[in-house]
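Only the coordinates and a few stated rules stand behind these numbers; no lab work does. A quick note: this is a predicted structure, and the numbers were derived from the prediction, not measured. Backbone-built Cβ (ideal geometry, glycine too); neighbour counts: all protein chains shown.
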Amino acid sequence: MSSPPQVPNLRLAASLFGQQLDPLREREWLVTNGLGGYAAGTVGGPATRRYHGLLVAAAPPPNARWVMVAGAQVQATVGDEGFWLSTHEYADGTVHPDGYRHLAGFELIGSRPSWTWNLAGQSLRGDLWMPHGANRTVIRYCNDGEAPVEVEWQPLVTLRWFHQLVTGVRPVDLEQTPDDRVVLRHGDAPPLTIDHAGWEFDEAQDWHWNLARAVERERGFDHQEDAFTPGVFRSTIQPGDSTSLVLAAGDPADVSDVEREPSAEDTRAAELVDGSTSDLEARLRLAADQVLVQRGGRAHAALPNTVIAGYPWFGDWGRDTFIALPGLCLATGRTDVARAVLVAYASFVDQGMVPNRWPDAGDTPEYISVDAALWFLHALEAYVDATGDSEILEGLGTAVLDIVDWHVRGTRHGIRMDPDDGLLTQGAEGLQLTWMDAKVGDWVVTPRRGKPVEINALWWRGLTFAARALESLQWDAGDTRELADQAATSFARRFWNADTGCLYDIVDGPSGDDASIRPNQVIALAVGPNLLPSARAESALAVVERDLVTPVGLRSLAPADAAYRREYGGDSVQRDGAYHQGPVWSWLLGMYVRAAVALGRTRRDLHWIEGGLERHLAEGAIGTVSEIFQPESPFAPEGAFAQAWGIGEWLYALQALRRAPP
């Protein structure tokens, strides 16, 4: 079935396909279900991460995830000749089978990955999707050739918590039902139901030993696992026909309404991209939809009310949510979702703080950030300005007032306003409270205690919005306006560094003022473009452009700094130690574009932006935005392969570019 013409189709270059596995295992695909569940893998076939799987269920949503099926062993037969479709890597370096050699193409049709194999001139196509709002994966094979094709399919079943690789034999209960379903159960994992209507099933329980996860090995983690197979599913597909398997988390009764055609998902994708001004924007809109999820329910029953910070390992984080929200929702016209997210988080405001994260298991949020509440105010302001929905303030006005009051008098972790200059200070031993939050054991890599530059620009911006919001409610806002004026005056005086021609990263830190050239100053320029005299703002932006700007984001530290790391890699200690000491962060590109446009840059000045975005969408995880990149050219993608604030800020960057003068 062809997808609607308005759905973007991203096709990988034909030159990638042939005899080389590496280009295909370096590119990944991602499908999500609106609950926090997903399916993901490499284009070439081998699962290289513990997080890869054909069905990773969120039960309960959105953060409790289970790798139900890690992959499959698949073979096709045309006449008397057999062809492997799958590829796996083993701990001893063996690559078997070699299905990647028959792979002739890969494309992303809307949100749906599609593979094409060339079987000695016979074309077979495989599609995969997840019905929105359900922990299910549908895998469909289509015979586009002229001869019958028999497909044999063996699932590699793991039924494990998504952070934990498991080795050794584990007891798996197997049940066959009269209505063509196989049900597998193990431990605390949800049951796995395989609906195989149209396929024969031959039970032959077995194990696949020593499967390797190459990226985990590179990251210094355990990197082997063993997988169970219940047997072989077989189907003969006639020319022009197709057949599907459905993988579902839940008992058979939970999967009675299986959708075996992608029409509903393609229609939904078409609706999401309607109104896009370019294929790039359309593709980013689909990426945005992947991170908007429902906490505590089925996605089709209610609007998304939270944001997955990043796939494959992040859950929903407050800071990431509100940095990303204007781009994810306001730039895409999904204002009802923005409202739902704001209202949901407002109910968790505690001592003037917004939760920074929820655990993977459980519902008790953590309050360990100085900026989540400030980004909440920033997103709320953007929402009110974009929609004119002042009524939301009637419900959230108390939360706004609590945030201001608690920050003035002091809340957790040393977060308080300094009455001498009206600036926000923060910090407690052993905690990392800003977005530069890497920590290794007791080592806080970039503690940034004191008065960080972006925190105080956000503080000023939050105060100005709070004053406006309180006035609209006819509440007294006099003190708030005075605090905003004091913060603005102090910001311009305290943060300017004449020696570097840009802004201090921190003032009044334990060791004094920190002159490190970091991208936090461009965040300040984006949220507070009028906090500095224009000449100083221009100078700071020029330093950022000289030292930090790349085609896909901003470096986290200037290369001339002694602490700069030219390469990101190694084990977890090495990576976390380098996390904010050089690697390029995708989300900061949006902040740079906003600051640049506010300071008068034109579309001609910024013409290179869209080219960098388009190139990245065909690398890493196809069609979405990576968390970070290597600090040096060619800026290879690293970190989480789909990051919410990168997606959101790239969408916001496109919107800012449209507003820029020619």
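The percentage of C-alpha pairs in region 311-456 whose separation is greater than 25 Å is 29%. Normalised by 2.2 N^0.38 Å, where N is the number of residues, the C-alpha radius of gyration of region 242-386 stands at 1.17.
Only helices at least 18 Å long along their axis, Cα-based, and averaging -1.0 or more on Kyte-Doolittle count here, so list those DSSP H runs from the chain.
279-291, 372-387, 392-409, 453-472, 478-494, 534-547, 644-659
The GluC sites (Glu not before Pro) of region 115-219 that meet both conditions, a loop assignment by DSSP and at most 12 other Cβ atoms within 10 Å of the site Cβ, are E146. Quarter the surface of the alpha carbon convex hull of region 81-211 and you get the mean projected area, 10.2 square nanometres.
The spacing between region 289-368 and region 604-662, judged by their C-alpha centroids, is 22 Å.
A full extension of the chain between D202 and D479 corresponds to an added length of 92.2 nm, given 0.36 nm per residue minus the alpha carbon distance.
Calculation over all alpha carbon pairs of the chain in 20 angstrom steps from 0 returns a P(r) of 19, 51, 26, 5, 0 percent. Packing order of peptides 421-428, 542-549, 448-455, highest average first: 448-455, 421-428, 542-549 (average count of other Cβ atoms within 10 Å over each peptide's residues).
If you sort the three axes of the alpha carbon gyration tensor as a ≥ b ≥ c, you get a/c of 1.5 or more for region 141-214 and a/b no higher than b/c, which makes it oblate. Each other residue within a Cβ distance under 12 Å of G410 adds +1 if Lys or Arg and -1 if Asp or Glu, for a net charge of +1.
Our coupling estimate for region 173-190, obtained by passing each phi through the Karplus curve with A = 6.51, B = -1.76, C = 1.60 and θ = phi - 60°, is 7, 10, 10, 9, 9, x, 9, 6, 9, 10, 10, 10, 9, 7, x, 8, 5, x Hz, Gly and Pro reported as x.
Couplings for region 80-97, taken from phi via the Karplus curve 6.51 cos²θ - 1.76 cosθ + 1.60 with θ = phi - 60°, read 9, 10, x, 9, 6, 9, 9, 9, 9, 10, 10, 4, 7, x, 5, 10, 7, x Hz in order; Gly and Pro are left as x.
Pairs of alpha carbons in region 550-590 separated by more than 16 Å make up 33% of all such pairs. Within region 508-582, the percentage of alpha carbon pairs spaced more than 22 angstrom apart rounds to 32%. Compactness of region 395-452 is given as radius of gyration and Dmax, 13.3, 41 Å, from Cα positions.
Counted by Cβ distance under 13 Å from I308, the other residues give a net charge of -2, where Lys and Arg count +1 and Asp and Glu count -1. Label positions at W209 and H96, each projected 7 Å from the Cα along the C-beta direction, are separated by 1.2 nm.
Taking a Cβ cut-off of under 11 Å around R112, the surrounding Lys, Arg, Asp and Glu residues balance to a net charge of -2, with basic ones at +1 and acidic ones at -1. Annotation: average projected area of region 166-306 is 13.0 square nanometres, based on the convex hull of Cα atoms across all directions. Note on T167 and T489: the model spin-label points, each 7 Å out from Cα along the C-beta direction, lie 6.6 nm apart. Eigenvalues of the alpha-carbon gyration tensor of region 113-176, scaled by 5 and square-rooted, set the equivalent ellipsoid semi-axes at 30, 16, 12 angstrom, largest first. In this simple spin-label approximation, V573 and D279 carry label points 7 Å from Cα along the Cα→Cβ vector, and these lie 4.7 nm apart. From the Cα gyration tensor of region 1-142, with a ≥ b ≥ c the square roots of its eigenvalues, which class applies: rounded if a/c is under 1.5, or else prolate if a/b is larger than b/c, or else oblate? Oblate, because a/c is 1.5 or more while a/b does not exceed b/c. The share of Cα pairs per 5 Å bin across region 541-662, counted from zero up to the longest distance, runs 2, 12, 22, 24, 19, 13, 6, 2, 1, 0 percent. Considering only beta bridges that DSSP places wholly inside the chain, some 100 percent are antiparallel.
Using DSSP to call loops (not H, G, I, E or B), can you name the trypsin sites (Lys or Arg not before Pro) in region 259-343 whose Cβ has at most 16 other Cβ atoms within 10 angstrom? Sparse-neighbourhood loop trypsin sites (Lys or Arg not before Pro): R260, R298.
Summarising the overall dimensions of region 426-563 from its C-alpha atoms, the Rg and Dmax are 16.1, 52 angstrom.
Using 0.36 nm per residue and subtracting the Cα-Cα separation, the extra length available between A386 and A361 on full extension is 5.5 nm. Is region 366-421 best put as rounded, prolate or oblate by its Cα gyration tensor, with a ≥ b ≥ c the root eigenvalues, rounded for a/c under 1.5, and otherwise prolate when a/b is larger than b/c, oblate when not? Prolate is the answer for region 366-421, as a/c is 1.5 or above and a/b outweighs b/c.
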